[in-house]
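The values are calculated or read from the model by the stated rules, or taken from the named source; none is laboratory data. None of the values given here were measured: they were computed from a predicted structure. All Cβ positions, glycine included, derive from the backbone under ideal geometry; neighbour counts span all protein chains shown. Quick note on the areas: whole protein, heavy atoms, side chains included, nothing else; ligands and nucleic acids left out. Shrake-Rupley method; radii C 1.70, N 1.55, O 1.52, S 1.80 Å.
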Amino acid sequence: MTAADAAPYDTPPPELKRQLQRANRLARWKALGLVAPLLVFLIVTFIVPILSMLTRSVYSPAFGEVLPHLSEAVQNWDGDGIPDEAVFAILVTDMMAARSQRTIGQAATRLNYEVPGTRSLVMRSARRVARLDAPYSESLPALDPRWGEREIWAAIKRVSEPVTPTFYLSALDRAQTADGSIVLNAEEQRLYVQLFWRTLWVSALVMVLCLALGFPIAYLMAHMSSARANLLMILVLLPFWTSLLVRTTSWIALLQTQGVLNDLMVWAGLVSDDGRIQLIYNQIGTVVAMTHILLPFTVLPLYAVMRGIPPSLTRAALSLGATPATAFMRVYLPLTAPGIGAGAVLVFILAVGYYITPALVGGRTGQLISNLIAFHMQESLNWGLAAALGALLLAGVLALYWLYDRLVGIDKMRLG
Amino acid sequence: MTFAPSLAPRLLTATAIMALGLAACDSGNNDAAEAPATPDAAVADATPDTPIEEATQSTETTLTIVSWGGAYTKAQIEGFHKPFSERTGIIIQSDDYDGNIAPIKAQVESGNVVWDAVDVETAEAVRLCDEGLTVPVDHSSLPPAPDGTPALKDFLPGTLFECAVPISVWSNVFAFDASKYPETAPSTLDDFFDLETYPGKRGLRKIPKFNLEFALMADGVATDKVYEVLSTPQGVDRAFAKLDTIKDEVIWWEAGAQPPQLLADGEVVMTSAFNGRIFNAQIAEKQPFEIIWDRQIWDLDLWVMPKGGKNLDAAMDFVSFATSTEGLAGQASWIAYGPSRKSTLELVGAHAEYPDVDMKSHMPTTPERLANGLQNDYEFWADYNDELEQRFNAWLAQ
């Protein structure tokens, strides 16, 4: 500090400059040190899994690893007719090696993703191939005629490449044919596009219901004495704190055909005992349970925004001659827009990813795309397809987020 | 709560891995795997000359044995786990799963295997073995029957698999609440598909396996022709067309504990179920349920051991014990699943808790029930499961 006193005011001496820089650098490192744990946490738990998911959705080297020589040989095949005897012979030796290594199942599963039904072709052939005689280009098709089809060999050539569009195509109900063109799957195999639309529809419906139910509650809470408002708040928060599973199973008890609601309706004479209404294990169940579970996510931001709106504004509008309806529509409602926006985005994005609730109460028609992602993760073990479905869902959410930002502005969002 | 929607599956895996990681901590030090406390026939290769210091220093072995939960796991805890722990000092931690083999794949691929032995169905046993995820088993090393019959001859024919040891025969049957049918109760598979005579909701397991077979049989296909028909596209269409006739009336269940619950709640009038679960509801919960044995589809449950398990020797000892004549008799005195050994069949008698219940009469393996039933074709399902699952899911969503 003493050096600074002696120096002219506008040009600090180099030493002071250095000190300042050092102090700044230190402050920056300290700040970084404070942020570092969160940064590392985000990278490890968020960025890396997303990247690994995106990788898995296009990268699938299993076939080439299990049948390496075949994968190499089939690259030289020109795609006309079927390959020659040399490739067949390599197929046989590779299959025998893979069978003794117990890895043939992985290759068969990978090929099956490409052409449904070929798992059995590979597995059955691998079990019997040791008993076959050369020339294999005759004995293999004799074992199973599919070995003589160009389509199978084109598929083998495709799966030999580690990078593949298959999973994304499957996720859009499409597949590649032998000549490389992309076609829609047969109607009875189409599933995912329909489920994506259903997921968007159910999420939008839940969002609208949450806003319709949440707005009056929030309004009421914002305009009553704080003692009463707190009581209502507890009623909103208590279910919010209750476990998701408990709430979902309570809905089962309430909604099932022998449940509380149906019993009440029968007692009141609204429906006959034989005519009980199916309220659960279908889309109604999914929508009702999800609306209940997500309701606090609209009430809380709406309440926070409404508390901040001075009552004098509406009074001013009224004193200037507006009817109560006009004052509400033109003054109050626009002021709640940040809360509506925040609630809508939160509910919609959460709803798009729901899977426990639809799995429990959705039955056949209430399943959402995340149920199929969970299915491919847990049961079919087709992790590539699960990753592709997840990536498409992520892209959809990002697109909606972008749209929201363009239409409303993300800076207008307030979470309370 | 799924906060990042598209991440749901990832989070799921992450949670699963974390949960498994915790389980791994529990099993801790496994150095003592080879030195059980008491010598026993099942653990004959225990080294008697283990230095005393080592034996006292090392902690006890813990095995994680995974099964289907509920009444079934209870039967295994009473029949297998407790007697095995008493004999060997090995602690057994019982874990439940719902038949999804994804955790086995995840554990083997990540090199962190925490499940030592898992109770699976045949199609899964074959598939796991094909993909190199479970270890092969030397069946000749399994203990012989008390009368000296070697294990290979004692197990029911056609039940030994390369990487698996059979436990029991269980069955997919239909069950109904008898109190709802005071006059004419349903008695055949056809009645399940007959909505006119027996109106009301039906329960079915949410997988294509068994349902397609039931549909074909109800549509008039003979039991010995079912898989032949089902391996043709026309056969698959025919099965789905039959299921279409009851589609709107079906409630789909996923866990074995659900069917008795759905029946008890009156949510369905008839449901497919695992016979042992219905047995348990009849005996332990005194429910007025009845089983339709007509054209049951029976299958096996088997032990498999994931590759890379840290206690493979101890796990093999457990599997040997749990599939020995007396071990199997232990389970068979708790739940009505037919033991996989001929020598155990002779030992099946009364229920362990309810001595007036004769277990034999509740087994799916009585001669007339077997003659009328269908064996699940595990090879068919190992080969065709993926494409039929896809078709089934698309059919459900429509």
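Details
- Modelled FRET efficiency - R0 30 Å, residue B:368 with residue B:261, Cβ distances, 0.05 increments: 0.50
- Taking a straight Cα-Cα cut-off under 27 Å and skipping sequence neighbours fewer than 8 places away in the same chain, the lysines within cross-link reach of residue A:30 are A:17.
- Additional length obtainable on full extension of the chain from residue A:44 to residue A:29, 0.36 nm per residue less Cα span: 3.3 nm
- Of the trypsin sites (Lys or Arg not before Pro) in region B:244-291, the ones in a loop by DSSP (not H, G, I, E or B) with at most 15 other beta carbons within 10 Å are B:286.
- Take the convex hull of the alpha carbons in the protein assembly as shown; its mean projected area over all directions comes to 52.6 nm².
- For chain A, size of Cβ-based charge dipole, Lys and Arg +1, Asp and Glu -1, in debye: 1760 debye
- Per-selection Kirkwood Rh - region B:141-234 (Cα, Å, 1 d.p.): 17.1 Å
- For region B:56-175: rounded, prolate or oblate by the Cα gyration tensor [a/c cutoff 1.5]: rounded
- When the C-alpha to C-alpha distance is required to be over 19 Å, the pairs from B:247/B:286; B:180/B:206; B:180/B:286 that qualify are B:247/B:286; B:180/B:206.
- Mean Cα-pair separation over length for region B:270-360, i.e. relative contact order, pairs under 8 Å, 6 or more apart, %: 20 percent
- Equivalent ellipsoid, chain B (semi-axes from 5 times Cα gyration tensor eigenvalues, Å): 37, 25, 20
- Taking 19 Å as the straight-line reach from the Cα of residue B:153, the lysines in range (excluding those fewer than 8 positions away in the same chain) are B:342.
- With DNA, RNA and ligands ignored, accessible area of residue A:47 (1.4 Å probe; Å², nearest 10): 80 Å²
- Inter-label distance, nm, simple model (7 Å from Cα along the C-beta direction), residue A:212/residue B:224: 6.1 nm
- Check: chain B dipole with +1 on Lys, Arg Cβ and -1 on Asp, Glu Cβ, in debye: 660 debye
- The local environment of residue B:185, defined by Cβ-Cβ distances under 11 Å, has a net charge of -3 under the rule Lys, Arg +1 and Asp, Glu -1.
- Rounded, prolate or oblate (a/c below 1.5 giving rounded, otherwise prolate when a/b exceeds b/c) for region B:304-390 by Cα gyration tensor: oblate
- Straight Cα distances below 16 angstrom link residue B:225 to the aspartates and glutamates B:213, B:237, B:377, B:379, with same-chain residues fewer than 8 positions distant left out.
- Measuring only protein heavy atoms, the 1.4 Å probe finds residue B:189 accessible over about 0 Å².
- Fraction of the pair-distance distribution of region B:152-299 above 29 Å, Cα-Cα pairs, percent: 20 percent
- Annotation: for a label point projected 7 angstrom from Cα along Cα→Cβ of residue A:219, residues of region A:334-350 with backbone N closer than 20 Å are A:334-345.
- Between residue A:232 and residue B:162, the modelled label-to-label distance comes to 6.8 nm, taking each label 7 Å out from Cα in the direction of the beta carbon.
- Relative contact order of region A:158-254, taken over Cα pairs closer than 8 Å and 6 or more residues apart, is 12 percent.
- For region A:290-368, the alpha-carbon radius of gyration amounts to 1.53 times the rule-of-thumb value 2.2 N^0.38 Å expected for a compact globular protein.
- The per residue volume of the convex hull around the alpha-carbon atoms of region A:112-211 is 137 Å³.
- Relative contact order, percent, chain B [alpha-carbon distance under 8 Å, six or more residues apart]: 23 percent
- Heavy atoms of the protein chains alone define the surface here; on that basis the protein assembly as shown has 45 Å² accessible area per residue at 1.4 Å probe size.
- Solvent-accessible area buried by pairing B with A, both sides, nearest 100 square angstrom, 1.4 angstrom probe: 5200 Å²
- Value in Å of the Kirkwood radius, where region A:12-111 supplies the Cα pairs that are averaged: 18.8 Å
- Expressed to the nearest 5 percent, the antiparallel share of DSSP beta bridges inside chain B is 60 percent.
- Computed on protein heavy atoms with a 1.4 Å probe, the accessible areas place A:312, B:320 in the order A:312, B:320, largest first.
- Largest to smallest accessible area among B:369, A:25, A:315 [probe 1.4 Å]: A:315, A:25, B:369
- In a simple Cβ point-charge model (Lys, Arg +1; Asp, Glu -1; nothing else charged), the protein assembly as shown has a dipole of about 4360 debye relative to its Cα centre.
- Debye log10 I(q)/I(0) for region A:71-166, one point scatterer per Cα, at q = 0.10, 0.12 Å⁻¹: -0.23, -0.33
- Alpha-carbon geometry of chain A: the Rg and the Dmax are 31.4, 100 Å, given in that order.
- Per-pair calculated FRET efficiency, R0 = 60 Å: residue B:350 and residue A:197 via Cβ, rounded to 0.05: 0.55
- What a 1.4 Å probe finds exposed on region B:166-207 is 51% carbon and sulfur by accessible area, rounded to a whole percent.
- Those residues of region A:368-393 for which accessible area with every protein chain present is at least 10 Å² below the isolated value (1.4 Å probe): A:372, A:373, A:375, A:377, A:378, A:379, A:380, A:381, A:383, A:390, A:393
- For residue A:80, the solvent-accessible surface with a 1.4 Å probe is about 110 Å², rounded to the nearest 10.
- Cα gyration tensor shape of region A:261-416, rounded if a/c is under 1.5, else prolate or oblate by comparing a/b with b/c: oblate
- Taking all protein chains together and a 1.4 Å probe, the residues B:298, A:201 rank A:201, B:298 from largest to smallest accessible area.
- Net charge of Cβ neighbours under 12 Å - reference residue A:196; Lys, Arg +1; Asp, Glu -1: +1
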